[in-house]
Amino acid sequence: MIFLFDEKAGSETLSIKGENYKYLIKVRRHTVGDTLAFRNPSKREMLYKYELISIEPRVALFELKESKEEPVNPPRKLHIGWCVIDNKSIEKVLASLNEVGVGRISFIYCERSQKNFKPDFKRFERIVEASNQQCGRTHLMEFGSYKSLEAFLAENEDVKVFDFCDKPLECESDFATVLIGCEGGFAPNEKELLQKQEVFRLKTPMVLRSESAALVVASKILL
């Protein structure tokens, strides 16, 4: 854990209870005298360092020792347009996508998306917030949705497309928005919509799952 979010971070003293208490004292086994970092969700750029001064059965008391503006954000931005798949598959790679620096994910209802799947943005945000505390990233990844591929392309003109083709993605590739299909890829009429976009593949003979493709592409672009 790099830091912990707390709505009272920034005050002279900080009382930690509940799940955060269990995590810091029971799991991480912090003791009196340890220094821990906190951020306030409403002032994410500020980093507050506290000393643990007392531990009671259900509450840990911290005293502020240092505060400074110290944002930690990805040096590059990547927006993933991701055709909707099962939330469970998304959740498997969401923390990793956050760690490598993806800035935004827009979920798109493509023709081969199962319409009963609905992105659970609140749960996604909880996963990303926990990931931020582990990797040190200051701001949360953003989420959005589009009812169709046409709607997404109308607002995002310069889009690179991951699909089956002859052109491999090079390590030095640099772009801001990428489109990842769902299981089964794009329907024929969607491929027509994408004719003007640059299409690429990965250098592998294996067929990747949608979530695997999203993570690999993001890693090659951002890292």
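Scan segment 76-85 for residues that are in a loop (DSSP other than H, G, I, E, B) and buried (at least 16 other Cβ atoms within 10 Å of the Cβ) and the total you get is 3.
Listed by first and then second residue, the pairs with beta-carbon distance under 7 Å, at least 6 apart or on different chains, first residue in segment 182-201 and assigned by TED's automatic domain parsing to the domain that holds L169 and outside any strand (DSSP E or B), second loosely packed, with under 13 Cβ neighbours inside 10 Å and modelled with pLDDT of 90 or more, are L193/E150.
Looking at segment 65-121 only, could you name the residues that are more than 24 Å from P188 (Cα to Cα) and polar (S, T, N, Q)? Answer for segment 65-121, where residues must be more than 24 Å from P188 (Cα to Cα) and polar (S, T, N, Q): S67, N73, N87, S89, S96, N98. When you look at S113, is it modelled with pLDDT under 95 and surrounded by 19 or more Cβ atoms within 10 Å (Cβ to Cβ), yes or no? Here the answer is yes, as S113 does meet what is asked. Looking across segment 120-135 at every residue that is more than 12 Å from F5 (Cβ to Cβ) and over 10 Å from the mean Cα position of the chain (by Cα), the one that is surrounded by the fewest Cβ atoms within 10 Å (Cβ to Cβ) is identified as K122.
For F152, the stated conditions do not hold, so it cannot be described as modelled with pLDDT of 95 or more, part of a strand (DSSP E or B), of a type in the set (F, W, Y) and under 24 Å from the mean Cα position of the chain (by Cα).
Here are some residues: E91, E63, E99, E56. Which one is touching a Cys at 6+ places or on another chain (Cβ under 7 Å) and among the acidic types (D, E)?
On the way: E91 fails: touching a Cys at 6+ places or on another chain (Cβ under 7 Å); E63 fails: touching a Cys at 6+ places or on another chain (Cβ under 7 Å); E56 fails: touching a Cys at 6+ places or on another chain (Cβ under 7 Å).
Residue meeting the stated conditions: E99.
Can you work out which of the residues in segment 202-223 that are without any contact (Cβ under 8 Å) to a residue 24 or more places away in the chain and in a loop (DSSP other than H, G, I, E, B) is nearest to the chain's Cα centre (by Cα)? Only one residue tops the list, namely L208.
Of the residues making up segment 50-75, those that are loosely packed, with under 12 Cβ neighbours inside 10 Å and either closer than 17 Å to G136 by Cβ or of a type in the set (A, V, I, L, M) (or both) are E66, K68, E69, P75.
The values are calculated or read from the model by the stated rules, or taken from the named source; none is laboratory data. The structure displayed is predicted, hence computed values, not measured ones. Backbone-built Cβ (ideal geometry, glycine too); neighbour counts: all protein chains shown.
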